[in-house]
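The values are calculated or read from the model by the stated rules, or taken from the named source; none is laboratory data. Because the structure is a prediction, the values reported are computed rather than measured. In this analysis, Cβ positions are derived from the backbone assuming ideal geometry, glycine residues included, and neighbour counts consider all displayed protein chains. Just so you know, the surface numbers come from the protein's heavy atoms only, side chains and all, with ligands and any DNA or RNA stripped out. Shrake-Rupley method; radii C 1.70, N 1.55, O 1.52, S 1.80 Å.
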Amino acid sequence: MTKVAFITGITGQDGSYLAEWLLKQGYQVHGLARRPISDVMRSHLYQVHQHVQLHYGDLTDGVSLNTILDQVRPHEVYNLAAQTHVAISFQAPEVTTNINALGTLRILQQITHNPHLRDTKFYQASTSEMFGNSMQTPQSELTPLAPASPYGIAKLYAHLLTQNFRSSHQVFACAGILFNHESPRRGELFVTRKITQAFARWVSGQHTILELGNLDSRRDWGHAKDYVRAMWMMMQHHTPDDYVIATGTQHSVRDFCNMVAAYFNIPLHWQGSGVSEQAVHAQTGELMIRVNPELHRPLDVINLVGDSSKAQRVLNWQPEYDLNDLVQHMCEHDLQLVKNLMQ
Ligand code: NAP
Ligand code: F7E
């Protein structure tokens, strides 16, 4: 029997990689889209869009979700759709909560109320942002959760709800507590992609200053391809549970800049905040990185690194890519993208 999967957030970084992975495993793949088909064909789904069935709807629209879920009757639902920008969540907390928290509730309610979905499994895209500025390092499934942003708080609601529906309604519901994961498909507002794009433009002769916020913030950056495989592995295990997915290594934003600079062999010129533009000039050939205080968050999470030993032990999950591979993939991709745009 062909398994049917339904992915919310299918047009995003993870959704598109997961769709490709599930198609390779022989699934019939359906996805929720909130943009017109012409946009979707230009999105990350361009390679596989003819093999996935898209349904128009929105996580804030319960009726559309109920209708789609009743039509598709998936064996597995992967809830990846979200307002994913932490900084934006401070400016738009209400919409963030509606999508990330209540959107999850809408799906779980439908799974429990619709008799055709009684055996449907559910995956929730939980996040390391739920740990906030934890006193415990590295963070595991047992680390106390104390999110530091409206994004993290909305995700914590969805995480607890997933656990609650698992124990109170016996839904096969898993939550993957995923640490930062990146790829050439990472959104352009996230720090890794912002950096690789700026360097690719610089190498191609478009001389710009790269403005960043907190350079000392530390993250555990993995490759999105490894992380979507982990989502699927959780859903194949006989018992639903929660798992941290991480590499266990930590680097600062400054380190990431240095790695990209080393990849392209570009000398860097760092300019801290409070230094006037005229005061310090980059030498010829140097890319200038300037701290812009406006890019600092009202409250930042600064020390994330995950302990994924449970996923390694129980699911036999291992990452295939390390940070050097990730930097290489992102830099190669962004350089090619700039070249294509310049032709
Ligand atoms: P992404 O690239 O930003 O994709 C977000 C997806 O959500 C897009 O498909 C977007 O659709 C969709 N979406 C946003 N609002 C929606 C709404 N109201 N209704 C329906 N769809 C909506 O994010 P990602 O990096 O793939 O992350 C996937 C999930 O994992 C998210 O839930 C995120 O919070 C979580 N997560 C990510 C990371 C990470 O490091 N990447 C780590 C932990 C957890 P459009 O294409 O139309 O905008
Ligand atoms: O920031 C610092 C910033 O926006 C990482 C989402 O996928 O991962 C992601 O959230 C760090 C922060 O990712 C800039 O202050 C410095 O400390 O790339 P980011 P994030 O906030 O960690 C988690 C796990 C998710 O769940 C989220 O959905 O980098 N930083 N300068 C900057 N960040 C940005 N965006 N832009 C800067 O210029």
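Quick notes on this one:
- Odd one out for Trp202, checked against (1) over 17 Å from the mean Cα position of the chain (by Cα); (2) among the aromatic types (Phe, Trp, Tyr); (3) open to solvent by less than 10 Å² (accessible area, probe 1.4 Å): (3)
- Scanning region 203-232 for residues that are within 19 Å of Trp270 (Cβ to Cβ), at pLDDT 95 or above and not basic (Lys, Arg) yields a total of 8.
- The set of residues in region 121-135 that are among the hydroxyl-bearing types (Ser, Thr, Tyr) and within 16 Å of the chain's Cα centre (by Cα) comprises Tyr123, Ser126, Thr127, Ser128.
- Among the residues of region 123-145, those identified as outside any loop (DSSP other than H, G, I, E, B) and touching a residue at least 60 places away in the same chain (Cβ under 8 Å) are Tyr123, Ala125, Ser126, Ser128, Glu129, Phe131, Gln139.
- Just one residue in the set Ser16, Ser64 is surrounded by 17 or more Cβ atoms within 10 Å (Cβ to Cβ) and either closer than 18 Å to Gln236 by Cα or over 17 Å from the mean Cα position of the chain (by Cα) (or both); that residue is Ser64.
- Taking the criterion of being closer than 17 Å to Ala19 by Cβ and either among the aliphatic types (A, V, I, L, M) or more than 15 Å from ligand 2 (Cβ to nearest atom) (or both), the residues of region 75-99 that qualify are His75, Glu76, Val77, Tyr78, Leu80, Ala81, Ala82.
- When residues of region 23-33 are limited to those that are over 12 Å from Leu80 (Cβ atoms) and buried (at least 18 other Cβ atoms within 10 Å of the Cβ), the one modelled with the lowest pLDDT: Ala33
- Test: Ala92 is over 20 Å from Val228 (Cβ atoms), more than 12 Å from ligand 1 (Cβ to nearest atom) and open to solvent by 10 Å² or more (accessible area, probe 1.4 Å): no
- In region 302-317, the residues that are open to solvent by less than 50 Å² (accessible area, probe 1.4 Å), part of a helix (DSSP H, G or I) and either over 14 Å from Gln236 (Cα atoms) or modelled with pLDDT under 95 (or both): Lys310
- Among the residues of region 146-165, those identified as away from ligand 1 (no atom under 14 Å from the Cβ) and assigned to a loop (DSSP other than H, G, I, E, B) are Ala146, Ala148.
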